[in-house]
Amino acid sequence: MRIKSFFKAMAEVKYELREINRKMDKILVVPEHGELEGMEAIMKPLDFILGIPDHLRNTFLMVLKLGGTHISAQRIADVTGHCRPMESSKLCQLVSLGKLRKNREGRKVYFSIS
């Protein structure tokens, strides 16, 4: 009796695995050559953002959200809720990675997307 229930359970598992495989085949369709050109346009900005280390990505996205030009560390800190020195440090790291530019106007430092 137990052997029959085991084989029945195995048949159900096999069926479910085939269904999962069938659904995965629908999802993971390899694009045609012409479709790749459109994908590259989508992937390039995504690769740029994903190329930023995780601990800096939120700060970079806030710079984008605030317009991308003439942004101070204090303005970023006001939005993120972090202290200004922490955001200033993150912004300077983004400058050293080449993602942002740094402009000084008197005592104030402003950041813009490169």
Counting residues in the chain as N, plug N into 2.2 N^0.38 Å and put the Cα Rg over that result.
1.87
Once normalised by the length of the range 53-113, the mean sequence separation of its alpha carbon contacts under 8 Å that are 6 or more apart gives a contact order in percent of 38 percent
Which part of the range 97-114 falls in the paramagnetic zone of Val79, meaning amide N under 13 Å from the point 7 Å along Cα-to-beta-carbon?
111-113
What is the extension gain from Ala11 to Asp47, computed as 0.36 nm multiplied by their sequence separation minus the C-alpha to C-alpha distance, in nm to one decimal?
8.7 nm
Treating the range 53-113 as a set of equal point scatterers at the Cα positions, no solvent, please give the Debye-formula log₁₀ I(q)/I(0) at q = 0.18 Å⁻¹.
-0.51
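Any read-out appearing in this document is the output of simple, stated calculations on the displayed coordinates, not a laboratory observation. It should be emphasised that the depicted structure is a prediction, and the values quoted were computed from it without experimental measurement. A quick note on method: Cβ atoms are made from the backbone with ideal geometry, for glycine too, and the neighbour counts reach across all protein chains shown.
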